[in-house]
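So the structure is just underneath, and the comments pick up after that.
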Amino acid sequence: MNSPFISTLTSFYTSSKSRWVSLSLRNKIIIIALAVLVISGGTYLLFGQKTKTAVQVTVKRGTIVEQVTVTGNTSPIGNVELSFQTSGLVAKVSAPVASTVSVGDALVSLDTSTLRAQLAGARANLDAAQARLNSLRAGATPQTIAVSQASVDTANQTLANGYTSAYSALTQAYASAQDATQAKLDSYFQNPQGPYPNFIFSSGNGVDGPAALADKPRTVAELLIWQSELATLNPNSPPSAIDAELIKANTHLHILQKFVSEMSGVASYASNFPAASGLSVSTLQAAVSAGANEISTTQTALNTAMQTIQAEKAGVAQAQAALNQASAGATTNDIAAQQAAVEAAQATVTQINTQITQATLRSPISGVVSVQNAKVGQLASPGATLVTVISKDNLEVDADLPETDIGKVNVNNTVAVTFDAFPGETFNGTVFYIDPAETIIGGVVNYKIKIAFAKPDPRIKSGLTANLSITTNTKTDVLILPQFAILQNDNGSFVEIQTGKKVTQVPVTTGIQDIAGNIEIKSGVTEGESVLNVGLK
């Protein structure tokens, strides 16, 4: 049984066929052409659109700044207890109790003479490493080799002269130390060279009197030891022996300086000098002051000698490295290895500079010194509180930093602070405290940090929400790509480079990232090279 739909379709087909047969050839051609155009257009719309070209980005060289962002709140600063991270001898107390200090003011400084000698050597090593790298890249001629050999000879002679001068500095240092501690002060003692010396005057109730009497025999013994060490040396002694004696001499001087410092305290309470001696409080104070200046000058001379030798040694190493390279030539592996040596030498310089910076306690806030336990000549222990600074009016920012970011943040990192209360304004500060113990918040490990403002602002109130951008690392003259361009798989990170229709995956080594979506590229691509920006296809 035919349905009405089938009947209608059959009738339409029959009618259409009849009409098609009745059409002229011209009309049939026009209808067929129109049908072809309609079908072609539809096919193009569905399948024939031109494939979009993949977006590419160029590897650029520039500066990248790593930042950590976190939100905190302002709170009043009660007091800040400060201590050194490493041990060392206190060389200077810059802010006694009740001193008014500002952010960044020095409070206490450790003796950095040894560190500065190490820094001179590290910088010289860096210069030597960089010079060798430059030489490897440039190659050498016979004339260069001859010049390099002459530089080696000159550097060795300069170093030999430096050791001769160092020997003279050692003998002069001993003579000055003996003059400062014995020639100038023995007349104020009974039995000054014996095991049980005593003062010829009354020392009063000063705390330094017993210490000075106890340390007097030690100074005698220390000078005898020093004298015996120098007896084994001469201007032509092996450099290693003179190097060792320079280090020992500094140790001797620290002990002798402690005695002179104690005698300075004794002079404050001295009285009842024997009339026949012709001595008095004023003569004792003058002798102690002159002795202290003499030892200080001696320490400076020895440190200068050590720094000079370190620099001259580096000069020899640099000259010899240049000669070796000029003679041997360089391979790609040689250049890569030397580049690594330059980076290692730079890291050493940075590390020592950091240690020198940390050898001075600086106030992170503006306020008043309420506790000052440091004394010149004493040994500061790491973590032991030496100075406390109180601020009544200033504010700090407290924030909880997750463990994923705490490894990037260090004390003295700069911070940009913004407040919803002051749109469009940015306030500067620094990280001055990182809690060593964790705080669990919502099951997540956090560490409390504190931010000090560079200068107070009366508009800032306690309890304001602060948005912090902590600058943790800055690198200049590095290769940079957007993070969108970096892919990762089980083998590491890579980029895609298109050559014609072929796409190649190139492994890369990445570094720090910034909050703008850029990432440092340490190796794998070169400046100006184009890679596929896969995140923007």
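Could you say whether any residue in segment 397-406 is free of Cβ contacts under 8 Å to residues at least 40 places away in the same chain, within 22 Å of the chain's Cα centre (by Cα) and within 30 Å of Ala128 (Cβ to Cβ)? Checked segment 397-406: no residue is free of Cβ contacts under 8 Å to residues at least 40 places away in the same chain, within 22 Å of the chain's Cα centre (by Cα) and within 30 Å of Ala128 (Cβ to Cβ).
Filtered by the rule that a residue be part of a helix (DSSP H, G or I), farther than 20 Å from Thr297 by Cα and touching an Asp or Glu at 6+ places or on another chain (Cβ under 6 Å), segment 145-195 gives Thr158, Leu159. The set of residues from segment 76-104 being among the acidic types (Asp, Glu) and open to solvent by less than 60 Å² (accessible area, probe 1.4 Å) is empty. Filtering segment 491-537 to residues that are among the basic types (Lys, Arg) and more than 15 Å from Val57 (Cβ to Cβ) leaves Lys501, Lys502, Lys522. Taking segment 280-318 as the range and being among the hydroxyl-bearing types (Ser, Thr, Tyr) and surrounded by fewer than 21 Cβ atoms within 10 Å (Cβ to Cβ) as the test, the residues that pass are Ser280, Ser282, Thr283, Ser289, Ser296, Thr297, Thr300, Thr304, Thr308.
For Thr112, the requirement of being open to solvent by less than 70 Å² (accessible area, probe 1.4 Å) and closer than 17 Å to Asn353 by Cβ is met.
For every residue, the table says whether it meets (1) more than 25 Å from Gln355 (Cα to Cα); (2) assigned to a helix (DSSP H, G or I); (3) of a type in the set (Phe, Trp, Tyr).
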residue: Ala399; (1), (2), (3): yes, no, no
residue: Asp405; (1), (2), (3): no, yes, no
residue: Asn410; (1), (2), (3): no, no, no
residue: Thr418; (1), (2), (3): yes, no, no
residue: Ala421; (1), (2), (3): yes, no, no
residue: Gly424; (1), (2), (3): yes, no, no
residue: Val431; (1), (2), (3): no, no, no
residue: Pro436; (1), (2), (3): no, no, no
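Just so you know, in segment 394-411 the residues that are open to solvent by 70 Å² or more (accessible area, probe 1.4 Å) and in contact with a strand residue (DSSP E or B) (Cβ under 6 Å, 6 or more places away or on another chain) include one that is modelled with the lowest pLDDT, and it is Lys408. Looking only at residues that are of a type in the set (D, E, K, R) and part of a strand (DSSP E or B) in segment 492-537, which one is most open to solvent (accessible area, probe 1.4 Å)? Among those that are of a type in the set (D, E, K, R) and part of a strand (DSSP E or B), it is Lys502. Selection of segment 200-235 for residues being free of Cβ contacts under 8 Å to residues at least 60 places away in the same chain and polar (S, T, N, Q) yields Thr219, Gln227, Ser228, Thr232. Condition check for Leu279 on (1) in contact with a helix residue (DSSP H, G or I) (Cβ under 7 Å, 6 or more places away or on another chain); (2) assigned to a helix (DSSP H, G or I): one failure, at (2). All of Val220, Val207 fail the test of being of a type outside the set (S, T, N, Q), closer than 25 Å to Met263 by Cβ and open to solvent by less than 50 Å² (accessible area, probe 1.4 Å), apart from Val220. Of a type in the set (Val, Ile, Thr) and touching a strand residue (DSSP E or B) at 6+ places or on another chain (Cβ under 9 Å) - does that describe any residue in segment 271-290? Yes: segment 271-290 contains one or more residues that are of a type in the set (Val, Ile, Thr) and touching a strand residue (DSSP E or B) at 6+ places or on another chain (Cβ under 9 Å).
Screening the candidates Ser381, Ser391 for the property of being loosely packed, with under 14 Cβ neighbours inside 10 Å and hydroxyl-bearing (Ser, Thr, Tyr) yields one hit, Ser381. Taking the condition of being part of a loop (DSSP other than H, G, I, E, B) and either buried (at least 18 other Cβ atoms within 10 Å of the Cβ) or not hydroxyl-bearing (Ser, Thr, Tyr) (or both), how many residues in segment 448-464 meet it? Result for segment 448-464: 10. Among the candidates Ala241, Ala231, Ala183, the residue that is open to solvent by less than 50 Å² (accessible area, probe 1.4 Å) and aliphatic (A, V, I, L, M) is uniquely Ala241. Tallying residues that are in contact (Cβ under 8 Å) with a residue 40 or more places away in the chain, assigned to a helix (DSSP H, G or I) and surrounded by fewer than 20 Cβ atoms within 10 Å (Cβ to Cβ) within segment 121-144 yields 6. Free of Cβ contacts under 8 Å to residues at least 40 places away in the same chain, closer than 17 Å to Asp111 by Cα and loosely packed, with under 15 Cβ neighbours inside 10 Å: is that true of Thr354 in this structure? Taking the combined requirement at face value, the residue satisfies it. The single condition from (1) modelled with pLDDT of 90 or more; (2) closer than 26 Å to Ala466 by Cβ; (3) open to solvent by 30 Å² or more (accessible area, probe 1.4 Å); (4) out of contact with any Leu (no Cβ under 9 Å at 6 or more places or on another chain) that Ser366 fails is (1). Output the residue which, of all residues in segment 187-204 that are among the aromatic types (Phe, Trp, Tyr) and open to solvent by less than 20 Å² (accessible area, probe 1.4 Å), is nearest to Leu284 (Cα to Cα). Ranking the qualifying residues of segment 187-204, first place goes to Tyr188. Count of segment 332-368 residues, restricted to those that are hydroxyl-bearing (Ser, Thr, Tyr) and in a strand (DSSP E or B), is 1. Does Lys475 satisfy the condition of being open to solvent by 50 Å² or more (accessible area, probe 1.4 Å), in contact with a strand residue (DSSP E or B) (Cβ under 9 Å, 6 or more places away or on another chain), more than 30 Å from Val101 (Cα to Cα) and not β-branched (Val, Ile, Thr)? Criteria met by Lys475.
The values are calculated or read from the model by the stated rules, or taken from the named source; none is laboratory data. Owing to the predicted nature of the structure, the values given are computational and were not obtained by experimental measurement. Note: ideal-geometry Cβ built from the backbone for every residue, glycine included; neighbour counts use all protein chains shown. Protein only, heavy atoms only, side chains kept; ligands, DNA and RNA dropped before computing areas. Shrake-Rupley method; radii C 1.70, N 1.55, O 1.52, S 1.80 Å.
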